[in-house]
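Q: Have a look at the structure that comes next, please.
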Amino acid sequence: MKILGINISHHGSSCLLEDGQIKYFLEDERVNRIKNYCPNGQYNNEAIRDETLEIYFSEELFKYTDHVDYIIFSSFGRYGDVIFDDDDTLIELYLQRLEEKGFRWGEVVFENHNHHVYHAANGFYGSEFDEAVALVLDGGGGLYPSEENIEDLLGKNSQNCFREMESIFKLSYESGIKTVWQHYGWCEHGPEYAQVKDDEQFVCEYGDSVLSNTLSCGQLFNLFAHSLGFVDGGDAGKVMGMSSYCDYEEDEELEPNWWRKLEWFESMEGVRVTSESLHQKLASDDVFPFDRTDFEPDAFYAKCDAANKLQEETLKHTKTLINKAVELTGCNNVVLSGGYALNCLNNYQYLNSDINLFVDPISNDGGTALGAAKWLYYKLTKSKEKSPLNTLYLS
């Protein structure tokens, strides 16, 4: 069985799976040299049109085959605010380009609500665990699927801006992937890719799902990346690196900055969400005591201090979620995936916990092409044969 996985989110990517074995995996940016490449130009400022969309992986693909049984697409779920109005339009164009090149396939699969599932699948099937609990954290994944509940919460004709932010899955070769708990947060994009809502905080539960207007760890990094002088979430790694230059020490004679004084997260209805005081602060004008483009020493070290506090608070929050995942499932084999799992500084801190940890090495959206292909393969074949990653050189 041959399965072609294609990620049409940012970090556009593809992979070929044959009978469960990876033949190749490729992120488009390795070929086109466009950092964080997104096939519709949303994140890379390259206006991709019908006539200019390229299939960057075709040369690698044709080394192995010109026909697959399945093509499965992964995405974060578009809903009309980008160059291509929706995923279906972009998928249609991909298929058209592949057909023009002489490529053929059997069936096309696209389930836009499975974004976090594919992250979890890529992590789990890349590990050596027989069973595990996966924690997926990012800026925002698939849209909340129940319009009925959205209407109940926000009223008729309300736009659904709730996306997966924190997801817990139980995974095994015996039973597949089961959703245990998901937290959907308000994810209306603003100029910094994380528009802060200073409305009154709320938490609403629907079965195993929670809806709130919290900010995810990924959104916080998106917002801070912009405010500290970088571009957006694609530069979150620079914020992580900046945090290492912090030399903050408590001094009774010095007034700490606001980010050192307030609570970042609080519990509502048994769910940890970003605090109302943090929302109010971030939604205010001139929130930071420096200009975003100022890197003179005083401004630079203030930015390092803010980045360091961001690291501390998201570390504490993620530790509570890891504990929650273990408690809900009774499993201490933990897989981390999603964009936040790229935070290697904080990942190192989890090793002090009483868990067996596997961090998805391709935990950004690029890895969902591989995760989607593996998810489909194990779903269709019911195979229990493990094929963990033993190298990252996949092409």
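The values are calculated or read from the model by the stated rules, or taken from the named source; none is laboratory data. The shown structure was predicted, so the numbers you read here are calculated from the model rather than taken from an experiment. Every residue, glycine as well, gets a Cβ built from its backbone with ideal geometry; the counts of neighbours run over all protein chains shown. Remember, those area values only see protein heavy atoms, side chains included, never the ligands or the DNA or RNA. Shrake-Rupley method; radii C 1.70, N 1.55, O 1.52, S 1.80 Å.
Q: Which pairs turn up if I take residues in the range 164-189 that are free of Cβ contacts under 8 Å to residues at least 24 places away in the same chain and on the phi < 0 side of the Ramachandran plot and look for partners that are among the charged types (D, E, K, R) and open to solvent by 20 Å² or more (accessible area, probe 1.4 Å) with beta carbon separation below 6 Å, at least 6 apart in sequence or on another chain?
A: Matching pairs, first to second residue: LYS178/LYS170.
For (1) in a helix (DSSP H, G or I); (2) open to solvent by 60 Å² or more (accessible area, probe 1.4 Å); (3) among the hydroxyl-bearing types (Ser, Thr, Tyr), each residue gets a yes or a no:
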{"residue": "GLU59", "(1), (2), (3)": "yes, yes, no"}
{"residue": "ILE71", "(1), (2), (3)": "no, no, no"}
{"residue": "LEU98", "(1), (2), (3)": "yes, no, no"}
{"residue": "HIS119", "(1), (2), (3)": "yes, no, no"}
{"residue": "GLY123", "(1), (2), (3)": "yes, no, no"}
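Q: Okay, moving on. Output the number of residues of the range 197-211 satisfying the condition of being surrounded by fewer than 22 Cβ atoms within 10 Å (Cβ to Cβ) and closer than 21 Å to SER275 by Cα.
A: Qualifying residue count, the range 197-211: 10.
Q: Could we say that CYS246 is assigned to a loop (DSSP other than H, G, I, E, B), at pLDDT 95 or above and not charged (D, E, K, R) here? Full working, then the answer.
A: On the way: assigned to a loop (DSSP other than H, G, I, E, B): yes; at pLDDT 95 or above: no; not charged (D, E, K, R): yes.
Considered against the rule, which asks whether it is assigned to a loop (DSSP other than H, G, I, E, B), at pLDDT 95 or above and not charged (D, E, K, R), CYS246 comes out as no.
Q: Right, here's the next one. If you go through the range 328-356, how many residues are in a strand (DSSP E or B) and hydrophobic (A, V, I, L, M, F, W, C)?
A: Qualifying residue count for the region: 3.
Q: Could you please find all residues in the range 350-391 being of a type in the set (S, T, N, Q) and either surrounded by 15 or more Cβ atoms within 10 Å (Cβ to Cβ) or touching a His at 6+ places or on another chain (Cβ under 7 Å) (or both)? Please lay out each step first, then the result.
A: Residues of the range 350-391 of a type in the set (S, T, N, Q): 352-353, 356, 363-364, 368, 381, 383, 387, 390-391.
SER363, ASN364, THR368, SER387, listed by residue number.
Q: Something else: Does the range 212-234 include one or more residues that are assigned to a strand (DSSP E or B), under 23 Å from the mean Cα position of the chain (by Cα) and buried (at least 18 other Cβ atoms within 10 Å of the Cβ)?
A: Looking through the range 212-234, at least one residue is assigned to a strand (DSSP E or B), under 23 Å from the mean Cα position of the chain (by Cα) and buried (at least 18 other Cβ atoms within 10 Å of the Cβ).
Q: When ASP285 is evaluated against the numbered criteria (1) closer than 30 Å to PHE124 by Cβ; (2) without any contact (Cβ under 8 Å) to a residue 12 or more places away in the chain; (3) outside any strand (DSSP E or B), which criterion, by number, is the only one it fails?
A: Only one criterion is unmet by ASP285, namely (1).
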